[in-house]
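So the structure is just underneath, and the comments pick up after that.
Every number here is computed from the coordinates shown, using simple stated rules; none is lab data. Computed from a prediction, not measured in an experiment: that's the story for all the values here. In this analysis, Cβ positions are derived from the backbone assuming ideal geometry, glycine residues included, and neighbour counts consider all displayed protein chains.
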């Protein structure tokens, strides 16, 4: 696969939550008015529960480390001596590395355990509703 392919994939992964993702906003809005039990049955138990200024927040985290492949470049030359080609060169590796990815989903719950507002942030929120993100929207 080409280096450009990996750059496009990395850009999609990193920008999945940036730029005002309408998809993620729609996912979160789908939970407005739902019961906490509905959310838990679909998302599992929250990773955190906080009370801030009398407001109850339920928080889910999705963290990942994404290994990006490097690129090998070979430079060299061939000299012909008689009927024999002699190659001398060097191969270098560049790029690659690890990207830290995360998505935080926060739901504010009212006194009746209903979702009244929401917030999300991160660079690992869905840009498509597939794989591990296929159950994030309220069914």
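For the stretch 26-99, the relative contact order comes to 23 percent (Cα pairs under 8 Å, sequence separation of at least 6). Per-residue Cβ neighbour counts within 10 Å put 110, 37 in the sequence 37, 110, beginning with the fewest. Over all Cα atoms in the stretch 3-133, the spread is summed up by Rg and Dmax: 23.9, 89 Å. On the beta carbon distance between residue 30 and residue 100, with R0 = 25 Å, the FRET formula returns roughly 0.35.
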